[in-house]
Amino acid sequence: MAKREKTKKARKNNLVDQAVYDAYKDAIPADEIWDYQVEGLQKPHINKPFENMRAKKIVVVIILVIAISVSIFFSFWILHNDAFKYTALEDGTTEFTRFSNPGELRELRIDYMITDVQSDLQITKDEAGKEIRTTTYTLTRDETRPITAIHEYAFNCDEKIRVIEIGRDVTKIDEKAFYSCYALREIRVDEENPNYCDIDGVLFDKDCTELICYPIDHDAYLRERFGYVDEKTGETTQFWPTENWKNEGKDKYNEYYTRQYENEVNTYVVPSTVKKIGPLAFNYSELFRLYLPEGLERLETMAIFRNWHIERVDTYVGDYDGNEPKDEKFIPDGANVKYSLPDSLTYIGSDCFNSAIEMDYIYIPENVTEIGHHAFWAAARKENGKLIGLYEIHAAREQADFKENVTTGDEWTGEYDNGVFPKNVPVLYGETRLPLPEEPAPAESQK
């Protein structure tokens, strides 16, 4: 019924429209058919220009030019400032949110909002005629906008920045701010900063009770500090100086020299004041040995994440503030070192020793009461049919005591034989700490 009513209504409307058309079509003179004006409506402009058309066109063109110019201006402004993103905070200060390297920027100070970036590319040639391209940057800062916070992942995965300076007004740095900064060598902190400090390029809280960030490429800084620099290129090298060793017939991989190099470049001693190693503190570092102080209480989530080369994490007893002469490296005396983790440790975070495939011993002291998920994940493996790495875990507590008093996350021990039927790494309970392995007797240094 409804459809039929709609059809009748449509037909009726058509008849009305036809009647109107019939009433007017004969009333319009034939010579006015294209410009006939119905009362109350503007006169048609068929084949005739609109009034003031030229002026209107000029206005439209001017508006378009202005709009395009503004668009281009802001496009360039965004291009020049896209390297730095900020967020205004409620207290009127600014948070550094995201850094995207504009090209080859190596050093950056975080103190005030950067409003403009200008680059200057210089091309020179070396003795062999090889082109050398060097870019310098000029940064314009707005000193009315101090930076007080650095957001999580602000420098995530940057592969160029080497030195970051923290200004005096920065009072909050997210624990994930420098994650995966593969070229980062140093973090320097303004001495007037009330919340943070650095010791030889490593970031701490002000009272040095928490180690926040050990830069991933800190070994490059240490190579320069201890003189492992190629004389020709001026760049740091893994073994110094390669060509001289070769020309003099010396074995650059001799045992003593290798150990000396590892002590100076690939070894780190955490200051004795530190109670906590922060999340991601040593992520992806090139450490071979790490000394933790007796008194350390917490290894946070991913604290030693994916340190593929780390062989030993041992404990030392004594006082050490991290400061030492530029040409010297403090290594704890063997008499004051214990194999593996400190007795004072209470917490091992999730993924803490993830991928520590070169370690072959770990001892969990009695004071540990919580271990996060996947704490020792991917730290054991089979190689040529032989099980190596952390293929077993030693714990001080007896099994019943451990299960009752230690909270553990999923797959905390890790697995090996990662095939169809993976095996969990076994835990040996009620163990005593093993003595330190004997070190090879040093020969004469060839450095």
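Tell me yes or no: at least one residue of segment 269-290 is surrounded by fewer than 21 Cβ atoms within 10 Å (Cβ to Cβ), touching a residue at least 60 places away in the same chain (Cβ under 8 Å), of a type in the set (Asp, Glu) and in a loop (DSSP other than H, G, I, E, B).
yes
Of the residues ASP333, ASP321, ASP327, only one is farther than 28 Å from ALA375 by Cα and touching a Pro at 6+ places or on another chain (Cβ under 6 Å); which?
None of the other options fit; the residue is ASP321.
May I ask you to list pairs of residues, at least six apart or on different chains, whose Cβ atoms are under 7 Å apart, with the first in segment 199-211 being within 15 Å of LEU292 (Cβ to Cβ) and the second being among the polar types (S, T, N, Q)?
These pairs meet every condition: CYS208/THR273; THR209/THR273.
Within segment 124-140, restricting attention to residues that are at pLDDT 85 or above and exposed (fewer than 15 other Cβ atoms within 10 Å of the Cβ), which residue is nearest to THR171 (Cα to Cα)?
THR140
Quick check: anything in segment 175-182 surrounded by fewer than 17 Cβ atoms within 10 Å (Cβ to Cβ) and among the basic types (Lys, Arg)?
The answer is no; no qualifying residue exists.
All but one of (1) closer than 30 Å to TYR228 by Cα; (2) surrounded by 17 or more Cβ atoms within 10 Å (Cβ to Cβ); (3) modelled with pLDDT under 95 hold for ALA378; which doesn't?
Of everything listed in (1) closer than 30 Å to TYR228 by Cα; (2) surrounded by 17 or more Cβ atoms within 10 Å (Cβ to Cβ); (3) modelled with pLDDT under 95, ALA378 misses just condition (1).
Yes/no matrix, rows are residues, columns are (1) in a loop (DSSP other than H, G, I, E, B); (2) within 20 Å of ASN354 (Cβ to Cβ):
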residue: TRP377; (1), (2): yes, yes
residue: ILE388; (1), (2): no, yes
residue: ARG397; (1), (2): yes, no
residue: PHE402; (1), (2): no, no
residue: TRP412; (1), (2): yes, yes
residue: PHE421; (1), (2): yes, no
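Would you please list the contacts, defined by Cβ atoms under 8 Å and residues six or more apart or on different chains, that run from a residue in segment 396-418 that is surrounded by 12 or more Cβ atoms within 10 Å (Cβ to Cβ) to a residue that is assigned to a helix (DSSP H, G or I) and polar (S, T, N, Q)?
So the pair list comes out as ARG397/ASN405.
Run down ILE357, ILE310, ILE362 and say which single residue is in contact with an Asp or Glu (Cβ under 8 Å, 6 or more places away or on another chain), over 17 Å from PRO271 (Cα atoms), without any contact (Cβ under 8 Å) to a residue 60 or more places away in the chain and buried (at least 16 other Cβ atoms within 10 Å of the Cβ).
The match here is ILE310.
Here is a list of conditions, (1) surrounded by 12 or more Cβ atoms within 10 Å (Cβ to Cβ); (2) at pLDDT 95 or above; (3) over 20 Å from the mean Cα position of the chain (by Cα); (4) of a type in the set (Asp, Glu), and GLU224 meets all of them except one; can you say which number that is?
(2)
Of all residues being under 16 Å from LEU341 (Cβ atoms) and in a loop (DSSP other than H, G, I, E, B) in segment 302-330, which is farthest from the chain's Cα centre (by Cα)? Just the residue, please.
VAL317
The values are calculated or read from the model by the stated rules, or taken from the named source; none is laboratory data. Quick caveat, the model's predicted, so the values are computed rather than measured. Note: ideal-geometry Cβ built from the backbone for every residue, glycine included; neighbour counts use all protein chains shown.
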